[in-house]
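Enquirer: Okay, handing you the structure first.
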Amino acid sequence: MPYTSWRGVVGLIKPTHRPGSLEEFIRLTPEGLSVVPLFLDVRRGTIDEFTKAIEAYETKVSELAELGVDVIHPEGAPPFMIQGFAGEAALTSEWEARFGIPVVTSSQVQVEALRIFGANRIVGATYTAGETNEAIVKYFGEAGVDMVEIAAIDVPFQDAGQLSTQEIYAHTKKAFLRHENIDGILLFGSGWRSLGAIDPLEQDLGVPVVHAVTSRVWAIEKRLHIRCPVNGYGRLLAEMP
């Protein structure tokens, strides 16, 4: 029997067991929207691990479809970004056709959020590194977004959640100030606790800040025809465009 809730049910596929982003998502969503989370076991955050993860994602998508959720959201953008923008779209379209349920990834909702703000020349900040970051820049380029820099903070993948809001703010601001004519910032990845940096960055730098968790909340509510603005976490959730 399908799971139901009066505003809808979203199925999340979390790439890691890292705490933080699931709680943040639930706190930012309205009463009546229920969440069914499933988990993978990504640990190293490397390209080879991300490449192997797609088969595991598909198994979880099938499981959520059997439960009858209203939207399926595979989190963890890098495994999908390395498929390329068009390849990712083909994959999610195939899942939608097979299971009859909307499927949208973390990377897709971040592209949607950047487009809604008209942010075409951006700076990214992240805790990922190396080949992963090369794939991120390439993906956004294919999506029509010029990421002039993706500034990686020097922290082990598994320790990103220990960074403070102040460290994330300072790291991102320095990257932004290295460039001119930037019309948006992307705080990439939901493994670091960066929600608190969104409002100060927007206030001080005057550009929209797109974040994995806030993009997730906005895009899923949009698909479920829900509109519940939340203040304190940037323009996307405050305005719900």
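Enquirer: Considering only segment 135-241, give the strands (runs of 3 or more DSSP E) lying wholly within it that have at least 2 residues that are within 15 Å of the chain's Cα centre (by Cα).
Expert: So the answer is 184-187, 209-211.
Enquirer: Another question about this same structure. Can we say Thr128 is of a type in the set (Ser, Thr, Tyr), modelled with pLDDT under 95 and in a helix (DSSP H, G or I)?
Expert: Considered against the rule, which asks whether it is of a type in the set (Ser, Thr, Tyr), modelled with pLDDT under 95 and in a helix (DSSP H, G or I), Thr128 comes out as no.
Enquirer: Do you know which residues across segment 152-167 are in contact with a Pro (Cβ under 9 Å, 6 or more places away or on another chain), modelled with pLDDT of 90 or more and either under 20 Å from Val42 (Cα atoms) or among the hydrophobic types (A, V, I, L, M, F, W, C) (or both)?
Expert: In the first step, residues of segment 152-167 are kept if they are in contact with a Pro (Cβ under 9 Å, 6 or more places away or on another chain); the result is 161, 165.
From what is left, the residues that are modelled with pLDDT of 90 or more are 165.
Scanning segment 152-167 gives no hits.
Enquirer: Residues that are at pLDDT 95 or above and in contact with a strand residue (DSSP E or B) (Cβ under 9 Å, 6 or more places away or on another chain): does segment 74-83 have at least one? Working first, answer last.
Expert: First pass over segment 74-83, keeping only residues at pLDDT 95 or above: 74.
Still in the running and in contact with a strand residue (DSSP E or B) (Cβ under 9 Å, 6 or more places away or on another chain): 74.
The answer is yes, given that some residue of segment 74-83 is at pLDDT 95 or above and in contact with a strand residue (DSSP E or B) (Cβ under 9 Å, 6 or more places away or on another chain).
Enquirer: Determine which single condition Phe39 fails, assuming it passes every other condition in (1) surrounded by 23 or more Cβ atoms within 10 Å (Cβ to Cβ); (2) more than 18 Å from Glu221 (Cβ to Cβ); (3) touching a His at 6+ places or on another chain (Cβ under 7 Å).
Expert: It is condition (1) that Phe39 fails.
Enquirer: Tell me, please, whether a residue that is in a loop (DSSP other than H, G, I, E, B), surrounded by 14 or more Cβ atoms within 10 Å (Cβ to Cβ) and at pLDDT 95 or above can be found in segment 91-102.
Expert: Scanning segment 91-102, I find at least one residue that is in a loop (DSSP other than H, G, I, E, B), surrounded by 14 or more Cβ atoms within 10 Å (Cβ to Cβ) and at pLDDT 95 or above, so the answer is yes.
Enquirer: Hey, could you check segment 75-90 for residues that are in contact (Cβ under 8 Å) with a residue 40 or more places away in the chain and either surrounded by fewer than 22 Cβ atoms within 10 Å (Cβ to Cβ) or in a loop (DSSP other than H, G, I, E, B) (or both) and say which is farthest from the chain's Cα centre (by Cα)?
Expert: The selected residue is Ala86.
Enquirer: Further question: Can you report the number of residues in segment 194-212 which are closer than 17 Å to Leu163 by Cβ and touching a Leu at 6+ places or on another chain (Cβ under 6 Å)?
Expert: Summing the residues that are closer than 17 Å to Leu163 by Cβ and touching a Leu at 6+ places or on another chain (Cβ under 6 Å) in segment 194-212 gives 3.
Enquirer: Answer yes or no: is there a residue in segment 72-86 that is among the aliphatic types (A, V, I, L, M), over 30 Å from Lys173 (Cβ atoms) and out of contact with any Pro (no Cβ under 6 Å at 6 or more places or on another chain).
Expert: yes
Enquirer: For segment 10-60, enumerate the residues that are at pLDDT below 95, closer than 28 Å to Glu239 by Cβ and outside any helix (DSSP H, G or I).
Expert: Lys14, Gly20
Enquirer: Determine, yes or no, whether Ser107 is under 27 Å from Arg7 (Cβ atoms), assigned to a helix (DSSP H, G or I) and over 18 Å from the mean Cα position of the chain (by Cα).
Expert: no
The values are calculated or read from the model by the stated rules, or taken from the named source; none is laboratory data. Computed from a predicted model, the values in this text were never measured in an experiment. Cβ sites come from the backbone with ideal geometry, for glycine too, and all protein chains shown count toward neighbours.
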